[in-house]
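This report concerns only the one structure given below.
What follows draws every value from the coordinates through simple rules; no lab data is involved. Source: prediction; values computed, not measured. Here the Cβ is made from the backbone with ideal geometry for all residues, glycine too, and neighbour counts use every protein chain on show.
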Amino acid sequence: MRTLEGRVAVITGASSGIGEATAEQLAGQGAKVAVLARRAERLAELVARIEKNGGRALAIAVDVTDADAVRAAAEQVAAELGEADLLFNNAGVMLPAPVEEQRTEQWQRQIDLNITGLMNVIAAFTPQLVASAGARGVADLINTSSIAARNIFPNFAVYSGTKAYVTHLSRHLRVELGPKNVRVAAIEPGIVGTELQDHVTDQGAIDWLAGSKESIDWLTPQDVAETVGFLASLPARANLQQVTIMPTAQAS
C-alpha cells in the first residue's frame, strides 16, 4: 500500500543494514527518498534498485559528522525532491570493549557518530520538518536508538550511553516539536543482523555475539524497516514515541 505517497523521506546510514532496508521500504510505500551515507557506490546501487521498482530516490554521499556537509545535503534535498517531512536518523556505530582497555579512539568515534552526527542531521532538517508539518499537517522524526539505552550489557558502556542519549533526547524533542505537528519517535531494536557487528573488535564481544546468534533468531533489517514504515503511516493524531522491537527469544 502506498501509504506515504507524496512524502519526502531522508534516511541516514542508508548504505547498508537498517538504513538501506528502510529506504526501500519507504520508497515502496510511495515516498520520495533521499539516501545519505559515506559510501557513494553503495548508495548508487540502492537508488538504481529503488528506481527500477518505480520509486524516486536521490543519493547524497555525506559524512554526518561534518555539519557543513549535512547542511548542504539538506539544501540539495529541498531543491531536488522538496522539503523533507520524514527523517529517519539512523547512522551509527557500535564498538563495545571494557572501559579499562582505554580505547579512547573508539569511544570518540561512537560519540561523534551516534551523538554529534545525530545532532547535525537534526539541526539541518528540523526546519524542513516544521515547515512541512505546517503545510501538510504532519511530519516525522524517527531516531534509531537501541535496547542498550535501557538494558545493561557488560562492556557496552559507551555505546549504551550514546543510545540512552538518543532515547532521552527524542522524548524531549517530542515535547518541543509535537505542538508543531512533528511526531518524534525513538525506535529501540534488540539484536539485528547488520554490518554493525562487523565493526566490533573486542574479542569478548565478538564471542558473545556469536553465541547469541546460535541461540537466538536475530531480527532482520527488514523487520525494523517495516516498523519505521508503520510509524510514519499512522494517522496524524497518533505518535508512538518509543518503540522497542526485540527478537522473540532475546530476554534482555
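Straight-line cross-link reach from Lys32 at under 17 Å between alpha-carbon atoms covers these aspartates and glutamates, not counting any fewer than eight positions away in the same chain: Glu5, Glu20, Glu24, Glu45, Glu51, Glu75, Glu80, Glu83, Asp85, Asp140, Glu226. Along the charge dipole of the chain, Cβ charges K/R +1 and D/E -1, which of Val8, Thr22, Ile152 sits furthest on the positive end? Going by the Cα projections, it comes out as Val8.
The Cα center of the range 194-210 and the Cα center of the range 135-150 differ in position by 26 Å. Here the 3J(HN,Hα) profile of the range 206-213, calculated from phi with Karplus coefficients 6.51, -1.76 and 1.60 at θ = phi - 60°, is 4, 5, 4, 5, 5, x, 5, 5 Hz, Gly and Pro shown as x. Scalar couplings 3J(HN,Hα) for the range 162-170, obtained by applying the Karplus form with A = 6.51, B = -1.76, C = 1.60 to θ = phi - 60°, are 5, 6, 4, 4, 4, 5, 5, 4, 4 Hz; x denotes Gly and Pro.
Taking every Cα-Cα distance in the chain and sorting them into 5 Å bins starting at zero, the pair-distance distribution P(r) comes out as 1, 7, 14, 19, 20, 17, 11, 7, 3, 1, 0 percent. Expressed as a fraction of 2.2 N^0.38 Å, the C-alpha radius of gyration for the range 1-87 is 0.97. Placing a pseudo-label 7 Å from each Cα along the Cα-to-Cβ vector at Ala236 and Ala79 gives an inter-label distance of 3.0 nm.
Grab the beta carbon distance between Ala48 and Ala123, set R0 = 25 Å, and tell me the FRET efficiency rounded to 0.05. The computed FRET efficiency comes out at 0.25. Given the options Arg237, Arg174, Arg109, which has the most mean-square fluctuation in a GNM of the chain, springs set between C-alpha atoms less than 10 angstrom apart? Greatest mean-square fluctuation among the candidates belongs to Arg237. Near Val62, the amide H atoms lying under 5 Å from its own belong to Ala37, Arg38; only residues 5 or more places off or on other chains count, and H is placed 1.01 Å from N. Would you mind telling me which residue in Gly211, Gly28, Gly55 has the biggest mean-square fluctuation in a Gaussian network model of the chain, where springs connect alpha carbons within a distance under 10 angstrom? Most flexible of the set in this elastic network: Gly211.
Hey, quick one: spin label on Asp112, modelled 7 Å out along Cα-Cβ, who in the range 34-77 has an amide N within reach, i.e. under 16 Å? Backbone N within reach: 38-39, 62-70. The alpha carbon radius of gyration of the range 60-129, expressed as a multiple of 2.2 N^0.38 Å, is 1.31.
Using a Förster radius of 41 Å, what is the FRET efficiency between Arg2 and Ser212 based on their Cβ-Cβ separation? Nearest 0.05, please.
Plugging the Cβ-Cβ distance into 1/(1 + (r/R0)^6) gives 0.65.
Of all the options Leu87, Leu234, Leu169, the one that moves most in a Gaussian network model of the chain with Cα springs shorter than 10 angstrom is Leu234.
With each run of n ≥ 4 DSSP H residues scored as -39500 (n - 2.57), what mean residue ellipticity at 222 nm is computed for the chain after dividing by its residue count and rounding to the nearest 500 deg cm²/dmol? Working shown, then result.
On the way: 8 runs with 113 residues, N = 252.
Helix contribution divided over all residues of the chain: -14500 deg cm²/dmol.
Per the Debye calculation on the range 121-252 with a single equal scatterer at every Cα and no solvent contribution, log₁₀ I(q)/I(0) for q = 0.18 Å⁻¹ amounts to -1.01.
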